[in-house]
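In what follows, a single structure is set out as structure tokens and then discussed.
The values are calculated or read from the model by the stated rules, or taken from the named source; none is laboratory data. These numbers come from a predicted model, not from an experiment. All Cβ positions, glycine included, derive from the backbone under ideal geometry; neighbour counts span all protein chains shown. Note: areas computed on protein heavy atoms with side chains; ligands, DNA, RNA excluded. Shrake-Rupley method; radii C 1.70, N 1.55, O 1.52, S 1.80 Å.
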Amino acid sequence: MADILVVVGSTYGNASLIADDCVDQLNRLGHRATLLNEPTYEQVTQNPDVILICTATIGQGEIPANLQPLYDQLRARMPDFSAVRFGLIALGDSSYESFAEGGKQMNELMYDLGAKAVGQALFIDSCETPDAEEAAAEWIEIWSEKL
Ligand SMILES: Cc1cc2nc3c(=O)[nH]c(=O)nc-3n(C[C@H](O)[C@H](O)[C@H](O)COP(=O)(O)O)c2cc1C
């Protein structure tokens, strides 16, 4: 059983909806998951065990506005995340030039902070995946067993 902070980056609600489902599913599977729709530096640096980032990309390869302040603060302050495990669900659309770049930036940041990746990140391309919620649910099932 793990304590999991689910950190959302969403503009139009897709990533938020998926993150919400992930929280329900993780809790059903016996974990303690908390949804952070407006994640703050203080929330994610209080001895987190596991962080699951669920973010879309906006603009031209940018992190959604609700997540950008956290990204900027973590980059500026570089807390030690060597005791933190993390997972990533990145939503995007491959018809854009910078596919899922927001998720990729968050992934790189977590590595730079020393966090350890649990399993492979999930990239959901809306051009190829008609049912993003189903894809995320299947991934969570497998990912949660590795915690
Ligand atoms: C204005 C706009 C810009 C976008 N830019 C990108 C992009 O640069 N790269 C990408 O992979 N997806 C991009 N997308 C696709 C979104 O990431 C995708 O639709 C996602 O599901 C939206 O999630 P959200 O509802 O949580 O914001 C863009 C979508 C919109 C509407």
For this session: Looking for whichever is under 12 Å from the mean Cα position of the chain (by Cα) and surrounded by fewer than 16 Cβ atoms within 10 Å (Cβ to Cβ) here; the options are N47, N37. Which one fits?
Result: N37
Seminar exercise, completed: Going through (1) open to solvent by 50 Å² or more (accessible area, probe 1.4 Å); (2) touching a strand residue (DSSP E or B) at 6+ places or on another chain (Cβ under 6 Å); (3) within 16 Å of the ligand (Cβ to nearest atom) one by one, R32 fails only at (3)
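For the stretch 110-147: of the residues being within 14 Å of the ligand (Cβ to nearest atom) and of a type in the set (V, I, T), which is least open to solvent (accessible area, probe 1.4 Å)? Break it down stepwise before answering.
At the first step, the residues of the stretch 110-147 found to be within 14 Å of the ligand (Cβ to nearest atom) are 121-133, 135-136.
Those still in the list that are of a type in the set (V, I, T) too: 124, 129.
On the way: I124: 7, T129: 41 Å².
Selected residue: I124.
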Problem set entry | Checklist (1) within 14 Å of the chain's Cα centre (by Cα); (2) open to solvent by 10 Å² or more (accessible area, probe 1.4 Å); (3) under 23 Å from D21 (Cβ atoms) applied to E101, failing item | (3)
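What tally of residues in the stretch 81-104 results from selecting those that are assigned to a loop (DSSP other than H, G, I, E, B) and within 11 Å of the ligand (Cβ to nearest atom)? Step through it out loud before you land on a result.
Step one: of the stretch 81-104, the residues assigned to a loop (DSSP other than H, G, I, E, B) are 81-84, 93-100.
Now narrow it down to the ones that are within 11 Å of the ligand (Cβ to nearest atom): 93-100.
The qualifying residues number 8.
So is I63 within 12 Å of the ligand (Cβ to nearest atom) and over 19 Å from L5 (Cβ atoms) or not? Walk me through it before giving the result.
Details: within 12 Å of the ligand (Cβ to nearest atom): yes; over 19 Å from L5 (Cβ atoms): no.
No; evaluated as a whole, the condition is false for this residue.
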Problem set entry | Number of the exception - N107 against (1) within 13 Å of the ligand (Cβ to nearest atom); (2) open to solvent by 10 Å² or more (accessible area, probe 1.4 Å) | (1)
For this session: Go through the stretch 104-125 and count every residue that is of a type in the set (G, A, S), out of contact with any strand residue (DSSP E or B) (no Cβ under 7 Å at 6 or more places or on another chain) and closer than 23 Å to D20 by Cβ.
Result: 0
Exercise. Do we find a residue being in contact (Cβ under 8 Å) with a residue 60 or more places away in the chain, in a helix (DSSP H, G or I) and open to solvent by 60 Å² or more (accessible area, probe 1.4 Å) anywhere in the stretch 70-79?
Worked result: no
Exercise. Between residues in the stretch 93-107 that are of a type in the set (D, E, K, R) and residues that are open to solvent by 60 Å² or more (accessible area, probe 1.4 Å), which pairs lie under 9 Å by C-beta distance while being six or more apart or on different chains?
Worked result: D93/S126; D93/C127; E97/Q60; E101/Q60; E101/E62; K104/F123
